[in-house]
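Chemist: Could you have a look at this structure, given as structure tokens, before my questions?
The values are calculated or read from the model by the stated rules, or taken from the named source; none is laboratory data. These figures come from a predicted structure and were not determined experimentally. Quick reminder, even Gly has a Cβ in these numbers, built from the backbone with ideal geometry, and neighbours come from all protein chains shown.
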Amino acid sequence: MRKAGWFVTGASWGVFAFLYLPLLCVAIFSLNASRSGLTWGGFTLDWYRRLLHNDLVLRAAANSLILALASTAISTVLGTLLALGIQRIPWGKRASKGMEALLNLPVVTPDIIFAVALVIAFGALRALTGLFQLGMPTMVVGHVAFQISFVALVVRSRLEAIGMDLEEASFDLYASYGRMLTSVVLPLLGPGIFAGAALAFTLSLDDFVISFFTSGPDSITLPIFIYAAVHRGVTPEIHALSTLVMLGTIAAVSIMQKLTARSGAEAGA
Amino acid sequence: MSPRTLRLRGLLFVVPGIAWVGAFLAVPCLALAVVAFAQRGGFGEIEWKFSFENLKRLAGWDLFGWSPDNLWILARSFWVALVSTVFCVLLSYPLAFFLATRPSKTRTVWMTMLLIPFWTNLVIRTYAWILVLSPNLPVARLLAFLGFIPPGFPAYPSQIAVWIGMVAAFLPFVALPLYTSVEKIDWALVEASQDLYADRWRSFWTAIFPQTLPGISVGVTLTLVPAMGMFVIPDMLGGARFMLVGNLIEEQFGTARDWPFGAMVSLALMILTLGTLMAVGRNGKAKEARA
Amino acid sequence: MSLVLGTLRKNYGPVQALRGVDLEIRRGEFFTLLGPSGCGKTTLLRLIAGLELADQGSIVHEGKDITKVPANRRPFNTVFQSYALFPHMTVQENIAYGPISRGKSKVDSMVRAKDALEMVRLQGFEARYPHQMSGGQRQRVALARALINEPEILLLDEPMSALDAKLRMEVQVELRRLQKRLGTTFVMVTHDQQEALTVSDRIAVMNAGQFAQIGPVREVFDRPASKFVADFLGTENFIEAEKCGDRLVRTPLGTLELSEEVPWEKGALTIRPEKIRLAEPGTPGAWTALVETALYKGGYQVLLLDNGLRVETDARSQWAAGDAVHATCSSDSLVALRDVD
């Protein structure tokens, strides 16, 4: 591959600086002893310490985690089944097109429309059944609704890569449909299911708009907390919290990179 | 095993997922169209009386006569999304080429560097710009000291901050698919064009650019559509004056409690989104066929 | 009669893959389906295996109608073109898959798998994974995996297309020996006519969803029924002919005699290149031509004549372009082609 000219290199460094400048500011400000951040008041980890005692923060973090875990569990199962159903059954043309459209709908819909649709759905269901008050359960329902598509798309592409040969061989060797699923398809699909679940988990943790619209007073998640806090006034504790979140992201991304690099090498071998 | 039994079993697999998405997304989206033509009752509940009130209001007619405010918001949202996307594409080009020319050992590192902002929460990434742009805080003061901007210049909250926030937010969404395309470029085409006396500019336009179109197409779809509906960024960085469609909608479902009008605005956004998707889809296919 | 296929029809949308074919396959024979890609041979194999369902027609095995029986309940096994070995299972687990699916104990099946490995000369490979083995080894595992189930019919889908030429020849011979030893009915699909000739008892040449000719190998090879079959089997010599007597035809080479009644007024004859006998000038019935190109092939020579015919002869005398050739075609080496299709 050819070498990059000075323009490309310079511009790229510029873009990286542009992307990281704000993030670095947050990290630096989180260590500033001066509350207002207008001047440098000395290096301190106090703000981080105060976080640990901040009940609201801890609860928000817990909510985010619980929400992500619950919704990922449900959506992974439903999404995998959906992918298997779409990919392996000979549907008619119209049914296939309809399912495709429905599958892609969450991916192309802007967040806010998704959120509005959910609010309306919950409102209608509330009027009908008296249930579906906004809170953690509605957030889970909302998250699952968009996660299913992502999981299904990831699992489906892995299914396509595996191909039908192995399933036919399994049938040829007297396996029942159930045995074929458990002994051949699911083991080979494993990495795809895991990737889909990881994607769903991340999308849920990161989500703001949908959570914001479907949350109740008791079910604040971390992004909502930060958003509300910023509106009240930016404080160093928020910087500390944000820095921790960023560190978590960095860790997760690095791990995923390592994993994909390794599996890439294995597949190539 | 007839196709029919297979399909019955397939239904078992498919129905839960489809039903979930249908019930909580597809059907409500259709319901939006219905609610958009309802009315708001005195206490903020929905009155199921068909009326064009909301449509008229969206077009600008309200109690005080006609004002273009709402239409401006729609137009502005589209404009901001479009121009942000263009800037993202322009800035992503050198980045994509830079990444594609890194040796494989360092490439993973650089990719990780790009993925970190991509996966960092949008709320955090956006409010972080407040720290950079706030005129009293050190960074802006430093820039003013160096003469880049006049001192006290209110870069935040402002329109400029929203532009910056948008571009910063969506850059990775364009850079990553563009990188995928750039990595696959067949350099033989470039060499052929040089062999046929093309200068650098012509080589770029005829041999390189067309090969990157698939990546641009994906990046634009991933950026333009969410950007039109964005409300976090204008909300945090734009201040009260700079409203986009997302803010308008959020208001109806929040403080204003006017679901029908909110539904109408959402409907407008949905139509804009569909239009954009179709335009990009058709454009992308036509260009891909030619490339 | 082991397997009887009656008027099988299969369409893929607008494409007619099989247009109502009838076939009988005998127990214990090595039967090959031969034809160009797209002729329907693989479709037919998959219908027999049960991996696809016919749109019309019947499949009867030993008197039982199995047309609607799903693949996992037919007593047939398939060796796939890509071998389709389960990548996440060891060789032993792969081979034991069939018996375990049928309900045999896992321990039993694994032991029998080990024995099966010996049958294909892969002892010691039990714990290996498919990606750790060569193409030829994988093929043998695929064979063992199928044969361990003692199927009534073994189906092979272009089993040697992924092997290099030398290995292919060895495997062909081994396959034939194996079939004779086991006595199992083998049905193979291939596009390689050499392969079909080496291993088969009977072959069926297919074209566009129908059979062009079915018969014992020698018969199809020596007496192709149509131009298509002759062409596909590598015959290049076509002689236009007009009937001028009970067994006589008028041709550009002169009047020739056939060994049976001429079936048409006007048609084409074919003769294998090695059956054209070079003769001394003046031999009765001999025709002459000039050599356009002479190709030396090591053990034999190929002469391309100016009348369009191709002659194979031994390498004893050296021929060169421009030489005059006198040759005869014996009546039982000339074949009248039935369909000019």
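Chemist: Take region A:110-133 and flag every residue that is outside any helix (DSSP H, G or I) and either touching a residue at least 12 places away in the same chain (Cβ under 8 Å) or at the interface with chain B (Cβ under 7 Å from one of its Cβ atoms) (or both).
Modeler: From region A:110-133, those outside any helix (DSSP H, G or I) are A:110, A:130-133; that's our starting set.
Residues satisfying the conditions are A:P110, A:Q133.
Chemist: With farther than 20 Å from C:A230 by Cβ and assigned to a strand (DSSP E or B) as the only criterion, which of C:L303, C:L295 stands out?
Modeler: Details: C:L303 fails: farther than 20 Å from C:A230 by Cβ.
On inspection, the qualifying residue turns out to be C:L295.
Chemist: Can you spot a residue in region A:155-166 that is within 14 Å of chain C (Cβ to nearest Cβ), farther than 19 Å from A:S75 by Cβ and among the acidic types (D, E)?
Modeler: yes
Chemist: Select, from B:P226, B:P214, the only residue that is touching a helix residue (DSSP H, G or I) at 6+ places or on another chain (Cβ under 7 Å), closer than 30 Å to B:L269 by Cβ and either surrounded by fewer than 21 Cβ atoms within 10 Å (Cβ to Cβ) or of a type in the set (D, E) (or both).
Modeler: B:P214
Chemist: Just one of A:L199, A:L159, A:L153, A:L181 is touching a Lys or Arg at 6+ places or on another chain (Cβ under 9 Å) and in a helix (DSSP H, G or I); which is it?
Modeler: After ruling out the rest, the residue left standing is A:L159.
Chemist: Could you tell me how many of the residues in region C:306-341 are part of a loop (DSSP other than H, G, I, E, B) and of a type in the set (K, R)?
Modeler: 2
Chemist: I've got another one for you. In the set A:L21, A:L58, which member is aliphatic (A, V, I, L, M) and touching a Leu at 6+ places or on another chain (Cβ under 8 Å)?
Modeler: A:L58
Chemist: Given B:N121, B:N136, which one is at pLDDT below 85 and at the interface with chain A (Cβ under 7 Å from one of its Cβ atoms)?
Modeler: B:N136
Chemist: Further question on the same structure: Residue under question is C:S109, and the condition is that it be touching a Pro at 6+ places or on another chain (Cβ under 8 Å), assigned by TED's automatic domain parsing to the domain that holds C:R46, hydroxyl-bearing (S, T, Y) and without any contact (Cβ under 8 Å) to a residue 60 or more places away in the chain; does it hold? Reasoning before the result, please.
Modeler: Values: touching a Pro at 6+ places or on another chain (Cβ under 8 Å): yes; assigned by TED's automatic domain parsing to the domain that holds C:R46: yes; hydroxyl-bearing (S, T, Y): yes; without any contact (Cβ under 8 Å) to a residue 60 or more places away in the chain: yes.
Here the answer is yes, as C:S109 does meet what is asked.
Chemist: Could you please let me know if C:R46 is surrounded by fewer than 17 Cβ atoms within 10 Å (Cβ to Cβ) and either over 19 Å from the mean Cα position of the chain (by Cα) or in a helix (DSSP H, G or I) (or both)?
Modeler: Working: surrounded by fewer than 17 Cβ atoms within 10 Å (Cβ to Cβ): no; either over 19 Å from the mean Cα position of the chain (by Cα) or in a helix (DSSP H, G or I) (or both): yes.
Against the criterion (surrounded by fewer than 17 Cβ atoms within 10 Å (Cβ to Cβ) and either over 19 Å from the mean Cα position of the chain (by Cα) or in a helix (DSSP H, G or I) (or both)), C:R46 does not qualify.
Chemist: In the set C:P14, C:P36, C:P75, which member is assigned by TED's automatic domain parsing to the domain that holds C:A142 and within 30 Å of A:S183 (Cβ to Cβ)?
Modeler: The match here is C:P75.
Chemist: Only helices (runs of 4 or more DSSP H) wholly contained in region B:202-291 count here; list those with 2 or more residues that are charged (D, E, K, R) and out of contact with any Leu (no Cβ under 8 Å at 6 or more places or on another chain).
Modeler: B:245-253, B:259-290
Chemist: If you go through region A:173-189, how many residues are farther than 24 Å from C:E150 by Cα and more than 9 Å from every other protein chain (Cβ to nearest Cβ)?
Modeler: So the count comes out to 5.
Chemist: Looking at region C:277-285, is at least one residue basic (K, R) and out of contact with any strand residue (DSSP E or B) (no Cβ under 8 Å at 6 or more places or on another chain)? It would help to see each step written out before you state the result.
Modeler: First, the residues of region C:277-285 that are basic (K, R): C:277.
Next, only the ones that are out of contact with any strand residue (DSSP E or B) (no Cβ under 8 Å at 6 or more places or on another chain) stay: none.
For region C:277-285, residues basic (K, R) and out of contact with any strand residue (DSSP E or B) (no Cβ under 8 Å at 6 or more places or on another chain): absent.
Chemist: Give region C:225-282 a look and list any residue that's under 23 Å from C:D323 (Cα atoms), assigned to a loop (DSSP other than H, G, I, E, B) and under 22 Å from the mean Cα position of the chain (by Cα), or say none.
Modeler: Across region C:225-282, the qualifying residues are C:E236, C:N237, C:I271, C:R272.
Chemist: Of the conditions (1) in contact with a strand residue (DSSP E or B) (Cβ under 7 Å, 6 or more places away or on another chain); (2) at pLDDT 75 or above, B:G41 satisfies every one except a single condition; which number is it?
Modeler: Here B:G41 meets the rest and fails (2).
Chemist: I'd like to know if region C:195-216 contains one or more residues that are within 24 Å of C:A71 (Cβ to Cβ), under 11 Å from the mean Cα position of the chain (by Cα), assigned by TED's automatic domain parsing to the domain that holds C:N11 and not charged (D, E, K, R).
Modeler: Scanning region C:195-216 turns up at least one residue that is within 24 Å of C:A71 (Cβ to Cβ), under 11 Å from the mean Cα position of the chain (by Cα), assigned by TED's automatic domain parsing to the domain that holds C:N11 and not charged (D, E, K, R).
Chemist: A follow-up question, please. When only residues in region C:109-149 that are buried (at least 16 other Cβ atoms within 10 Å of the Cβ) and of a type in the set (V, I, T) count, which is nearest to C:P99 (Cα to Cα)?
Modeler: In this case the residue turns out to be C:I148.
Chemist: Mind checking which pairs have a first residue in region B:250-274 that is facing another protein chain (nearest Cβ under 10 Å) and farther than 15 Å from B:I73 by Cβ and a second that is in a loop (DSSP other than H, G, I, E, B) and of a type in the set (S, T, N, Q), Cβ under 9 Å, 6 or more apart or different chains?
Modeler: Hits for this filter: B:M270/A:T109; B:T273/A:T109.
Chemist: Evaluate the following for C:L155: is it at pLDDT 95 or above and within 12 Å of chain A (Cβ to nearest Cβ)?
Modeler: Judged against the criteria, C:L155 is a match.
Chemist: Within region A:222-264, how many residues are outside any helix (DSSP H, G or I) and either at pLDDT 90 or above or under 16 Å from the mean Cα position of the chain (by Cα) (or both)?
Modeler: 0
Chemist: Exactly one condition in (1) within 21 Å of the chain's Cα centre (by Cα); (2) closer than 26 Å to A:L173 by Cβ is not met by C:Q137; state its number.
Modeler: Looking at each condition in turn, C:Q137 falls short on (1).
Chemist: Additional query: Determine which single condition A:S170 fails, assuming it passes every other condition in (1) surrounded by fewer than 24 Cβ atoms within 10 Å (Cβ to Cβ); (2) within 14 Å of chain C (Cβ to nearest Cβ).
Modeler: So A:S170 meets the others, but not (1).
Chemist: Could you tell me whether any residue of region B:90-102 is surrounded by fewer than 19 Cβ atoms within 10 Å (Cβ to Cβ) and among the small types (G, A, S)?
Modeler: The answer is no; no qualifying residue exists.
Each row is one residue, and each column tells you yes or no for (1) buried (at least 16 other Cβ atoms within 10 Å of the Cβ); (2) polar (S, T, N, Q); (3) not in a loop (DSSP other than H, G, I, E, B).
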| residue | (1), (2), (3) |
| --- | --- |
| C:K10 | yes, no, yes |
| C:Q16 | yes, yes, yes |
| C:G28 | no, no, no |
| C:S58 | no, yes, yes |
| C:T67 | yes, yes, no |
| C:E93 | yes, no, yes |
| C:G98 | yes, no, yes |
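Chemist: Moving on to the next point. Which residue pairs have Cβ atoms under 9 Å apart, sit 6 or more places apart or on different chains, and have a first residue in region C:84-103 that is over 18 Å from C:G124 (Cα atoms) and within 9 Å of chain A (Cβ to nearest Cβ) and a second that is among the aromatic types (F, W, Y) and not in a loop (DSSP other than H, G, I, E, B)?
Modeler: Matching pairs, first to second residue: C:F86/C:Y97.
Chemist: Sticking with this structure for a sec: C:R145 passes all but one of (1) more than 30 Å from C:E62 (Cα to Cα); (2) not β-branched (V, I, T); (3) not in a strand (DSSP E or B); which number fails?
Modeler: (1)
Chemist: Right, next: Which of the residues belonging to region A:12-59 are more than 10 Å from every other protein chain (Cβ to nearest Cβ), among the polar types (S, T, N, Q) and surrounded by fewer than 20 Cβ atoms within 10 Å (Cβ to Cβ)? Give the steps one after another, and end with the answer.
Modeler: So the first thing to find is which residues in region A:12-59 are more than 10 Å from every other protein chain (Cβ to nearest Cβ), and the list is A:17, A:30-31, A:33-35, A:41-59.
With among the polar types (S, T, N, Q) added as a condition, the list becomes A:30, A:34, A:44, A:54.
A:S34, A:T44, A:N54, listed by residue number.
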